[in-house]
Amino acid sequence: MLKDEIEILEGENFFDHRGGIASMNNLSFEGVERFYVIENADTEVIRGYHGHKSERKWFYCLNGSFTMSFVKIDDWAHPSKDLKPQVIRISAKESQMVLVPAGYANCLRADEPHSLLLVFSGRRYPECLDDSYRYDPNYWFDWHNIPRTK
């Protein structure tokens with residue numbers, strides 16, 4: 001059953017004299033069609049808002065940390081300015097995956113240089129291009145007044 005709300009899946013971290021392993025042992029990749037890695041040019045770049053009516057996303061931080069904002073869209077042509085964003089911070093230090101159902105727009109900022117975000121998508125490219133909606137990064141969230149995390 002597909003969920004209608006954003007979920008955060010807790011993973012595991014294991015360290016010993018050989019190094020470390022970060023895992024997602026409770027993750028099911030049912031519905032994943034492709035993946036990509038995002039690395040912003042610097043920590044000032046705000047990427048988004050970018051949304052999909054029918055495309056699900058899974059976000060996992062490989063390096064550094066990210067602040068992400070998600071909004072459930074009410075009207076794709078003219079979304080309400082009053083929608084409340086859900087702000088989530090993830091870091092490579094913690095093994096967490098953010099599962100985002102279809103119907104949301106996302107926006108993100110790297111909080112540290114060289115941060116890497118692994119994204120799995122529920123639709124293949126280029127079919128996802130017909131389900132792509134873009135909005136101003138500051139439409140629902142003031143990125144200039146949020147502190148950096150590490």
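Within the stretch 79-99, whose backbone N sits under 16 Å from a point 7 Å along Cα→Cβ of Val37? The answer is 92-93. The string of couplings for the stretch 99-110 from the Karplus curve (6.51, -1.76, 1.60, θ = phi - 60°) is 9, 10, x, 4, x, 10, 10, 10, 9, 8, 9, 6 Hz, one whole number per residue in order, with x for Gly and Pro. Charge tally for Gly48 (other residues, Cβ to Cβ under 13 Å; Lys, Arg +1; Asp, Glu -1): +3.
Distance distribution note for the chain: the fraction of Cα pairs above 21 angstrom is 45%. Computed from backbone phi with θ = phi - 60° and the Karplus coefficients 6.51, -1.76 and 1.60, the 3J(HN,Hα) list for the stretch 17-23 is 4, 8, x, x, 9, 10, 9 Hz; x is used for glycine and proline.
Rounded to the nearest Hz, the phi-derived 3J(HN,Hα) couplings of the stretch 43-53 under the Karplus curve 6.51 cos²θ - 1.76 cosθ + 1.60 (θ = phi - 60°) are 7, 8, 6, 10, 9, x, 5, 9, x, 9, 5, where x marks glycine and proline. Distance between the C-alpha centres of the stretch 106-150 and the stretch 60-103: 7 Å, rounded to the whole angstrom. Look at the alpha carbon pairs under 8 Å that are at least 6 residues apart: their mean separation over the length of the chain gives a relative contact order of 37 percent.
Every number here is computed from the coordinates shown, using simple stated rules; none is lab data. Given the structure is predicted, the values throughout are model-derived calculations rather than measurements. A quick note on method: Cβ atoms are made from the backbone with ideal geometry, for glycine too, and the neighbour counts reach across all protein chains shown.
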